[in-house]
């Protein structure tokens, strides 16, 4: 699908071909090439496979999917990784239920944003997870279509936590709310040491993969 939409050619394939990509991308490039037999090929490991391949013996990963066809693909993809499992369940409910049950939780929230309550459920889940595990880290992916929607989400997140880092990648000006003009990662509880790498990555992505008027921005929210 990403090949048909042009997303792969505009993103990962340009990264693979770039000779000036910063070192922060090296692990991703290595994983993609390994999946393609050591070459630049058409296969791309999604985030579940990238995460599963990075697990240590003390790590456990649960990936959630509700759609029947996507769940079956997820289950097969994670089959070779002993410390990862696919479950057919609601990811928001699963994250809340598992938080605070031992170890430190790292939660990746990457919904399709097809439901009108996705943003509200992210805020509710963040509050519940952090209440159960104050050390939990949440990495939340969101599309960037228009500023009004994104700003409302950030304001809601500010009522939940004062430990939030926002990384914006605007590949074009946010003028057409019908287009995905970029994306953002909202990181809750992330250690300060990751910030320089995030700045380096976002800056390069916009400079090399963005269009005229694109912008990168990494910032922290105000105190709740």
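The values are calculated or read from the model by the stated rules, or taken from the named source; none is laboratory data. Treat the numbers as computed from the prediction; the structure is a model and nothing was measured. All Cβ positions, glycine included, derive from the backbone under ideal geometry; neighbour counts span all protein chains shown.
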message: Can you confirm whether residue 185 is closer than 29 Å to residue 205 by Cβ and modelled with pLDDT under 95?
response: no
- prompt: For the range 38-51, does any single residue satisfy the condition of being in contact with a helix residue (DSSP H, G or I) (Cβ under 7 Å, 6 or more places away or on another chain) and more than 26 Å from residue 183 (Cα to Cα)?
  reply: yes
- request: Mind counting the residues in the range 77-116 that are modelled with pLDDT of 95 or more and loosely packed, with under 13 Cβ neighbours inside 10 Å?
  value: 3
- request: Quick one: which residue in 121, 127, 135 is over 29 Å from residue 35 (Cβ atoms), in contact with a helix residue (DSSP H, G or I) (Cβ under 8 Å, 6 or more places away or on another chain) and in the same structural domain as residue 192 (by TED's automatic domain parsing)?
  value: 121
message: more than 24 Å from residue 133 (Cβ to Cβ), surrounded by 14 or more Cβ atoms within 10 Å (Cβ to Cβ) and touching a strand residue (DSSP E or B) at 6+ places or on another chain (Cβ under 9 Å): is that true of residue 14 in this structure?
response: no
- line: Scanning the range 175-198 residue by residue, those within 13 Å of the chain's Cα centre (by Cα) and in a helix (DSSP H, G or I) turn out to be 198
message: Could you go through the range 6-15 and let me know if any residue there is under 24 Å from residue 111 (Cβ atoms), not in a helix (DSSP H, G or I) and not assigned by TED's automatic domain parsing to the domain that holds residue 210.
response: yes
message: Test of understanding: among 122, 140, which residue is buried (at least 16 other Cβ atoms within 10 Å of the Cβ) and part of a helix (DSSP H, G or I)?
response: 122
